[in-house]
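> What follows is a single structure, and I will ask about it in a moment.
The values are calculated or read from the model by the stated rules, or taken from the named source; none is laboratory data. If you're wondering where the values come from, they're calculated on a predicted model, not measured in any experiment. Because the Cβ atoms are built from the backbone with ideal geometry, glycine has one as well, and the counts that use them run over all protein chains shown. What goes into the accessible areas is simple: the full protein's heavy atoms, side chains included, and nothing from ligands, DNA or RNA. Shrake-Rupley method; radii C 1.70, N 1.55, O 1.52, S 1.80 Å.
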Amino acid sequence: MDTLLVLLLVAVIGAGVWLLTGRDASTTQTKTVSVMIELTRQSEAFTQLPKVGDTVSLGVKEKMPATVTKVDVLPAFMQGKDIINGRYTEEPVPGLYNVQITVEGSGTESAGTVEINGNALRVGAESAIKSKEWAGYGFILAVDTKE
């Protein structure tokens, strides 16, 4: 009976050590993290500022370093509801644009999160993006990783 209790205790301690140390360390991998952030309703003058190759920082306090790899400028739309027909409509907003900025940085990927500089990135989260020449505040539309 004593031997059975000792074996059970050793098994519980072994499982605890494996859960606390072994599993998390082996699943975290260093990757290149790609993040797309959309800045809505920007002026035409702002659309000329972000350039591929700009060094930027994501976050207000987090300071996640990254480099701009792609800039897409799309017309801004305003959504409304047509009460008579019961449909939703999208109308372009003259002079305003949605700017989608894709950036890449060195980060980590684990089973539950993708991080840059120890800060988790999630689709739909609000994020600040800033360089020396420009800054904006928008939402993360996509988070991808590659080797």
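> Considering only protein heavy atoms, with the full assembly of protein chains and a 1.4 angstrom probe, order MET78, MET36 by accessible area, largest first.
Descending accessible area places them as MET78, MET36.
> Right, another one. For the pairs LYS61/LYS146; LYS63/LYS130; LYS51/LYS132; LYS70/LYS146; LYS63/LYS146; LYS51/LYS146, note any where the Cα-Cα span goes beyond 18 Å.
From the list (LYS61/LYS146; LYS63/LYS130; LYS51/LYS132; LYS70/LYS146; LYS63/LYS146; LYS51/LYS146), the Cα-Cα distance tops 18 Å for LYS61/LYS146; LYS63/LYS146; LYS51/LYS146.
> Under 15 Å from the Cβ of TYR88, count the other residues' Cβ atoms, weight Lys and Arg +1, Asp and Glu -1, and hand me the total.
-1
> When the helices in the chain are scored as -39500 (n - 2.57) per DSSP H run of 4 or longer and the sum is shared across all residues, what 222 nm value do you end up with, to the nearest 500 deg cm²/dmol?
-4500 deg cm²/dmol
> Here's something else I'd like to know. For THR30, what is the net charge nearby, where nearby means another residue's Cβ is under 11 Å from its Cβ and Lys, Arg count +1, Asp, Glu -1? Don't skip to the answer; put the middle values down first.
Values: positive: LYS31; negative: GLU109, GLU115, GLU147.
Neighbourhood net charge equals -2.
> Read through the labelled values (i) 16; (ii) 41; (iii) 37 and report the label of the one computed as percent of Cα pairs over 28 Å apart from the structure.
So the calculated entry is the one marked (ii).
> Turning to a different aspect of this structure: How many Å² of accessible area per residue for the chain, probe 1.4 Å?
Here the per-residue accessible area is 66 Å².
> Still on this model: Can you pull the accessible area of THR108 for me, 1.4 Å probe, Å² to the nearest 10?
40
> Ignoring ligands, DNA and RNA, please state the percent of accessible area on the chain from carbon and sulfur, probe 1.4 Å.
Heavy-atom surface of the chain belonging to carbon and sulfur, 1.4 Å probe: 59 percent.
> Taking the Cα centre of the stretch 64-147 as origin, sum charge times position over the Cβ atoms of Lys and Arg (+1) and Asp and Glu (-1), and report the length of that vector in debye to the nearest 20.
Dipole magnitude for the stretch 64-147 comes out near 160 debye.
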